[in-house]
1. Leaving out ligands and nucleic acids, note down the accessible area per residue over the chain with a 1.4 angstrom probe, in whole Å².
2. Report, ordered by chain and residue number, the lysines lying within cross-link reach of LYS99, taken as a straight Cα distance under 22 Å and ignoring same-chain residues fewer than 8 apart.
3. Between CYS13, LEU50, VAL27, whose Cα lies farthest towards the positive end of the dipole of the range 1-52 when Lys and Arg beta carbons carry +1 and Asp and Glu beta carbons carry -1, centred on the Cα centre?
4. Heavy atoms only, probe 1.4 Å: what % of the accessible area of the chain goes to carbon and sulfur, would you let me know?
5. Any chance you could check the Cα centroid distance between the range 1-22 and the range 37-94 for me, in angstrom?
6. Highest mean first, what order results for 39-45, 76-82 on Cβ atoms within 10 Å?
7. Which entry is the computed Cα extents along the principal axes in Å for this structure: (1) 66, 28, 18; (2) 48, 34, 21; (3) 49, 42, 28?
8. In straight Cα distance, which lysines are under 18 Å from LYS30, not counting same-chain residues fewer than 8 positions off?
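The values are calculated or read from the model by the stated rules, or taken from the named source; none is laboratory data. All of these numbers come straight from a predicted model, not from anything done at the bench. Using ideal geometry, Cβ is built from the backbone for each residue, glycine included, and neighbour counts are taken over all protein chains shown. Protein only, heavy atoms only, side chains kept; ligands, DNA and RNA dropped before computing areas. Shrake-Rupley method; radii C 1.70, N 1.55, O 1.52, S 1.80 Å.
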Amino acid sequence: VTDKVDMTALVRCAVAMRPDRIIIGEVTDKAALAMLKAWNTGSGGGISTLHANNNRATLQRLMDLCAENNIAPPISLITTTVHTLVHIERSDQFKAGRKVTEISELQGYDYDKRAFILKTIYQSKNNQ
């Protein structure tokens with residue numbers, strides 16, 4: 001018999017250790033909410049990966065994952081916790097097989113348009 005420990009429990013344990021930063025691997029489920037709450041507890045923030053087609057889609061996916069907790073989308077939590085998004089794509093052009101295609105700053109949420117407000121800091125040009 002093995003005991004399963006989910007990511008939410010691991011995040012809670014990490015917060016109890018009073019870290020300077022909270023680094024989480026790929027987020028694929030409702031633990032996204034625990035991650036956001038942990039980053040918003042006075043630590044210096046954190047970093048994680050999340051699969052999406054672009055930075056805007058990343059924020060929608062983050063809301064969708066949080067909604068798995070049967071709550072309304074935590075828009076305020078996302079806008080106060082997430083500051084920078086970096087989109088990385090596969091690329092045969094580079095030895096590492098990946099390239100940064102977009103860096104965006106999350107500036108807020110437009111409730112009238114129901115959309116996050118993103119400022120593009122960097123966007124790669126095709127074939128560069």
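1. On the way: 8880 Å² over 128 residues.
On a per-residue basis, the chain sits at 69 Å².
2. Cα-Cα hits under 22 Å: LYS119, LYS125.
3. The Cα lying farthest towards the positive end belongs to CYS13.
4. Numbers: 4320 of 8880 Å².
C and S fraction of accessible area: 49 percent.
5. Distance between centres, Cα-based: 19 Å.
6. Working: 39-45: 14.0, 76-82: 16.1.
Sorting 39-45, 76-82 by mean packing, highest first, produces 76-82, 39-45.
7. Of the listed options (1) 66, 28, 18; (2) 48, 34, 21; (3) 49, 42, 28, (3) comes from this structure.
8. Correct list for LYS30: LYS4.
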